[in-house]
Amino acid sequence: MSDVAAEVRDLRMRYGAKEVLSGVDFSLRTGEVVAMLGPNGAGKTTTIEILEGFRMRSAGEVTVLGQDPARAGEAWRARIGVVLQSWRDHAKWRVRELLRHLGTYYARYGTPEIARPWDVDELLALVGLTAHANARIGTLSGGQRRRLDVAIGIVGHPELLFLDEPTAGFDPAARREFHELVHRLTDTERATVLLTTHDLAEAEKLADRVIILAGGTIIADGSPDELALRMSGNAEVRWTRDGQRYVHPTDQATKFTRDLFAQFGESVEDLEVRRPGLEDTYMELVREYEQ
Amino acid sequence: MNAIRLGVGRGWIEIRHTLTYWPDLFQALFFSGISILVLFLMRGHHVPGTSFSLGSLTLPGIIGMNVAVGGITGVTALLAVDREDGTLLRAKATPGGMTAYVLGKITLTSGNALIGVVLTLVLGLIAFPGLAVTATGLLTLIWVVTLGLLATIPLGIALGSTIADPRFLTLIVLPFSALTAISGIFYPITHLPGWLQGIGQLFPMYWLGLGVRAALLPDALKSVEIDGSWRLGYVLLALTGWAAAGLLVAPPILRRMAQRESGSRVAARRERAMLRAT
């Protein structure tokens, strides 16, 4: 298996006179979870659809699992998993029936390293749908349907999985379960995952790396920590003294805290240093870009 | 080989769904049921100048019609709906999925048509003793129906790939109904003005109906047909012609449509559908 799952160089997309992507460059390393963030209309969906092989690009080089998705065949397709936002398909089918059926398409693409497809009962247990195995898909709740979509996306043991806003509409418990599922996938399967989300806490929790797309170009690319460090100027120190609560923004949190103790000693209580999270970083970067 | 196995498996699962899901079953049998009921109610009427009941004369046409409805409007509707709900995109996202999807629809449509034909035939034979089913007739029925499916399903696939929205299905159903009216199924085509006869004979519905009439009616009744003949040679020719044209045209149209399917397109259609619903 190559170290690079996908490579994108100077990707451009134009619809008529409107340029949606104007030179996008990034790569996905094998086994990495990458979150693609950006305001609506930034070109996230277009980028992912080009990588999925669902959309033709205007210019640039794209290599996904060693092939150009615009020309890749069915054997390449078997190594890709896609989970989109708006599946409503196969409503009359039953959960196990559909998973078993779709699994058979992958059987001939199994390799000694990667068994295909995934065992249906194991997969049902993994996404927590065992109790609904014989339910008609049209009767599933939104969260159950979403978990089925994930199961279908991974039934062929993909080496690269695309997740488009995977937890939109999830309640907090379902969201946590889903995060655990993604961790399990990347830990035990060494799958590469590219996901889009508007939930920055989710990106921070799941992603090894974050790519921020705005106005058709990438404005930031790095681990959530690296991105946050760029903004470290805006840390916030909170403490209480004599029952009074204090908040102080500073660009030198360590020095400020040292001085604080030097001055007030033991009377400083409930000390908290808040580094900016991914959300603050994201807001700041997008605002900077837009100006 | 693998694609055929997957596609037929897919079609078989969907036939099972039709048979076990009562709204689908109702829809599948509605047309045949109503037709047979109407024919049964007019069993007292006879073909002018004979003692042959008008119902028995019309029944074979109904069988031919069943095949054409399933092949053209049925497939068109299936494709339009599957595009809107993402089934087609799912097929595109699966290795070998598109081929299996198409083969699955062909299996489903053929299966449904076969069930319709057998059911109509059995009920018809009970209700109208005038029908003459011979071994040769059954053989004719088999090739006419098979060729009829081949002539109509590719048309359905081509039309279904062209329709962007299930709401536009009426654009297919209305002209189809008009063509049915002049296809000699409910009313002998020889009683229509010459130019309408010409138009009727351009389309596969007429030839399907004629072929099935040839298979199931006593030989004497060919006197109501054009040229006083079953013209089976022409039936073969016309249906083969439509099948060839359809098989030539449908794959590239389907491929072009499928190529353009993507998540954002399905999402956009869904949004439009939701707007309509509210």
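At a glance:
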item	result
Some residue of the range B:149-163 being surrounded by fewer than 20 Cβ atoms within 10 Å (Cβ to Cβ) and in contact (Cβ under 8 Å) with a residue 12 or more places away in the chain	yes
Selection count, the range A:157-204, where residues are within 15 Å of A:Val83 (Cβ to Cβ) and of a type in the set (Gly, Ala, Ser)	4
Those residues of the range A:169-179 which are touching a residue at least 24 places away in the same chain (Cβ under 8 Å) and either in contact with a His (Cβ under 7 Å, 6 or more places away or on another chain) or part of a helix (DSSP H, G or I) (or both), in sequence order	A:Ala174, A:Arg175, A:Glu177, A:Phe178, A:His179
Which listed residue, of B:Ala268, B:Ala250, is within 14 Å of another protein chain (Cβ to nearest Cβ) and closer than 30 Å to A:Leu51 by Cα	B:Ala268
Given (1) modelled with pLDDT of 95 or more; (2) within 13 Å of chain B (Cβ to nearest Cβ); (3) surrounded by fewer than 22 Cβ atoms within 10 Å (Cβ to Cβ), number of the condition A:Gly73 does not satisfy	(1)
One residue from A:Glu284, A:Glu236, A:Glu269 being in contact (Cβ under 8 Å) with a residue 12 or more places away in the chain, under 25 Å from A:Ala214 (Cβ atoms) and of a type in the set (Asp, Glu)	A:Glu284
Residue, modelled with the lowest pLDDT, within the range A:155-171, restricted to residues that are within 12 Å of chain B (Cβ to nearest Cβ) and on the phi < 0 side of the Ramachandran plot	A:Ala168
Yes/no for B:Pro129 being of a type outside the set (Val, Ile, Thr), outside any helix (DSSP H, G or I) and closer than 30 Å to A:Gly73 by Cβ	no
Residue, farthest from A:Glu113 (Cα to Cα), within the range A:145-195, restricted to residues that are of a type in the set (Ser, Thr, Tyr) and surrounded by fewer than 22 Cβ atoms within 10 Å (Cβ to Cβ)	A:Thr186
Lone qualifier among A:Glu236, A:Glu204 - being in a strand (DSSP E or B) and not aliphatic (A, V, I, L, M)	A:Glu236
Residues that are under 12 Å from the mean Cα position of the chain (by Cα) and either surrounded by fewer than 20 Cβ atoms within 10 Å (Cβ to Cβ) or closer than 14 Å to A:Gly73 by Cα (or both), drawn from the range B:91-114	B:Gly111, B:Leu114
Residue in the range B:33-55 that is closer than 30 Å to A:Leu102 by Cα, buried (at least 20 other Cβ atoms within 10 Å of the Cβ) and of a type in the set (A, V, I, L, M) present	no
Within the range A:1-60, considering residues that are outside any loop (DSSP other than H, G, I, E, B) and of a type in the set (Gly, Ala, Ser), the one farthest from A:Ala201 (Cα to Cα)	A:Ala59
Restricting the range B:64-86 to residues that are crowded, with 23+ Cβ neighbours inside 10 Å and within 12 Å of chain A (Cβ to nearest Cβ), the residue that is farthest from B:Gly160 (Cα to Cα)	B:Gly86
The one condition in (1) touching a His at 6+ places or on another chain (Cβ under 7 Å); (2) under 23 Å from B:Leu247 (Cα atoms) that B:Ile13 fails to fulfil	(2)
Criterion: in a helix (DSSP H, G or I), within 33 Å of the chain's Cα centre (by Cα) and loosely packed, with under 14 Cβ neighbours inside 10 Å - qualifying residue of A:Asp280, A:Asp259, A:Asp225	A:Asp225
Selection from the range A:120-135 of residues that are at pLDDT below 95 and not in a helix (DSSP H, G or I)	A:Val127, A:Gly128, A:Leu129
Which listed residue, of B:Thr120, B:Thr107, B:Thr99, B:Thr136, is within 14 Å of chain A (Cβ to nearest Cβ), of a type in the set (Ser, Thr, Tyr) and over 30 Å from A:Leu160 (Cα atoms)	B:Thr107
From the options B:Ala214, B:Ala220, residue that is more than 14 Å from chain A (Cβ to nearest Cβ), surrounded by 19 or more Cβ atoms within 10 Å (Cβ to Cβ), in contact (Cβ under 8 Å) with a residue 24 or more places away in the chain and assigned to a helix (DSSP H, G or I)	B:Ala214
Residue check for A:Gly215: in contact with a Lys or Arg (Cβ under 7 Å, 6 or more places away or on another chain) and either surrounded by fewer than 22 Cβ atoms within 10 Å (Cβ to Cβ) or assigned by TED's automatic domain parsing to the domain that holds A:His132 (or both)	no
Selected residue [more than 13 Å from chain B (Cβ to nearest Cβ), part of a strand (DSSP E or B), among the aliphatic types (A, V, I, L, M) and closer than 27 Å to A:Asp25 by Cα] from A:Val182, A:Val193	A:Val193
The range B:2-16 residues that are within 9 Å of another protein chain (Cβ to nearest Cβ), paired with ones that are assigned to a helix (DSSP H, G or I) (beta carbon under 6 Å, 6 or more apart)	B:Leu6/B:Ala100; B:Arg10/B:Ala100; B:Arg10/B:Gly104; B:Glu14/B:Leu108
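Every residue, every condition in (1) more than 26 Å from B:Asp85 (Cβ to Cβ); (2) within 12 Å of another protein chain (Cβ to nearest Cβ); (3) surrounded by 23 or more Cβ atoms within 10 Å (Cβ to Cβ), yes or no:
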site	(1), (2), (3)
A:Glu7	yes, no, no
A:Leu21	yes, no, yes
A:Leu37	yes, no, yes
A:Glu49	no, yes, yes
A:Arg57	yes, no, no
A:Val82	no, yes, yes
A:Trp87	no, yes, yes
A:Leu98	no, yes, no
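The values are calculated or read from the model by the stated rules, or taken from the named source; none is laboratory data. Since we're looking at a predicted model, the values are computed, not measured. Reconstructed Cβ throughout: ideal geometry from the backbone, glycine too, with neighbour counts over all protein chains shown.
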